[in-house]
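Working notes, beginning with the structure itself.
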Amino acid sequence: MTQHVLVVGASSGVGRAVAERLARSARVTAIARRADRLAALAEQDVAVVNCDVTDFAALEAAIDDAVARAGQFSAVVYCAGAQLIKPLRSLKAADFPSVMDVNLLAPLFLARCFASQKVSQGNAVFCAVSSVAGQRPEPGIVAYSVAKAGLDALIKGMAKELGPRRAVGVAPGWLDTEMTQGYKHIYNEDFKTALAKRSPAGVATVESVVDVIEFLLSEKARHVTGEIITVDGGAIL
Amino acid sequence: MNVEEFFRKVAEALDSSSELARGQALESIEGWDSLGILAILDLLEGGGVTIDLDELRAAQTTDDLLRLAGSMVEWA
């Protein structure tokens, strides 16, 4: 069957790089919230859809349209994410949706769509970008860690329930992306220097994460499922 | 908000039960630690003030916090 990959959260960072990489060898549909970022992807033979992933009705419609246009997905890569850095005592109830919707509920909804043979091929692969925070929560990012731990559980559950379809994930540490750059009061030069010191294999990059995703989607990883691969240069060791 | 209200919000953010005073050393305030600093950062950002974390870490007294808060606090 045709290789048709859905990349969700393709505005920037890992999602954008995944869409660009996979477009070399497969039909790619990319979904992103920021329409202005999609034009460049469209020039690289990527079918682009402007959609807020937390709008589940719009997401489902986008999926149906993509399947009608290019066939069931051989792979789905979920890259959308939202960080929240606040101590627990500063968290407000109004903060919860911002971190839970994008990091956990949207991939859960996507998994529900992926589970149907009308949407995904029988040997399709679901890959989500998690975080080392899901395995090792740190002070100040507990809510984000909870969401990512839930995402890890989703991946493992999908692997069990949806076989022979596979479900996998990658868990990067801090990457140099627009999202982390947005936290410049924390992600500053001192932080980067400290991160480099505690990363024995070097600080992970967007490209190194995309390399692992490409492997996990490939036939070479045909017996890998339910696994979340840490890609952080060894920083959490 | 006035200085008194600002100090009340700072104490609340730090989960401190004590009343804060002008010129008080931040190290003497219960809750002034790395998480407390993040909480103050959130308080200031909520008031429309953007500051560098290192600048906040370098603060020594409640007067420094007032200076960082800038227009968020009305000086009567």
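Observations, loosely collected:
- Amide hydrogen neighbours beyond the local backbone of B:Q24, cut-off 5 Å, H modeled: B:T62, B:D63
- Kyte-Doolittle mean at least -1.0 and Cα axial length at least 20 Å: DSSP H helices in chain A: A:56-70, A:142-162
- In plain terms, if you count all Cα to Cα distances in the range B:3-69 and split them into 5 Å steps from zero, the share in each step is 4, 19, 35, 31, 11, 1 percent.
- When the trypsin sites (Lys or Arg not before Pro) in the range A:132-237 are filtered for DSSP coil states and for at most 15 other beta-carbon atoms within 10 Å of their beta-carbon, the remaining sites are A:K184, A:R198, A:R222.
- Whole-number Å³ per residue for the convex hull built on Cα positions in the protein assembly as shown: 141 Å³
- Among the GluC sites (Glu not before Pro) in the range B:1-57, those located in a DSSP loop and surrounded by at most 12 other Cβ atoms within 10 Å of their own Cβ are B:E19, B:E30.
- Chain B - percent relative contact order, Cα under 8 Å, separation 6 or more: 40 percent
- Neighbour cut-off at most 10 other Cβ (10 Å), DSSP loop, GluC sites (Glu not before Pro), the range A:1-77: A:E43
- Part-to-part distance (alpha-carbon centres) for the range A:81-125 and the range A:1-30, which is given in Å: 19 Å
- A:H185 sits among other residues whose Cβ lies under 14 Å from its own Cβ, and their net charge, with Lys and Arg +1 and Asp and Glu -1, is -3.
- Near B:S16: Cβ cut-off under 14 Å, other residues only, Lys/Arg at +1 and Asp/Glu at -1. The net charge is -3.
- CD proxy at 222 nm, helix term only [per DSSP H run n ≥ 4: -39500 (n - 2.57); per residue of the protein assembly as shown; nearest 500]: -12000 deg cm²/dmol
Just so you know, all these numbers are worked out from the coordinates, no wet-lab data involved. In this text, all values refer to a predicted model and were calculated from it rather than measured experimentally. Using ideal geometry, Cβ is built from the backbone for each residue, glycine included, and neighbour counts are taken over all protein chains shown.
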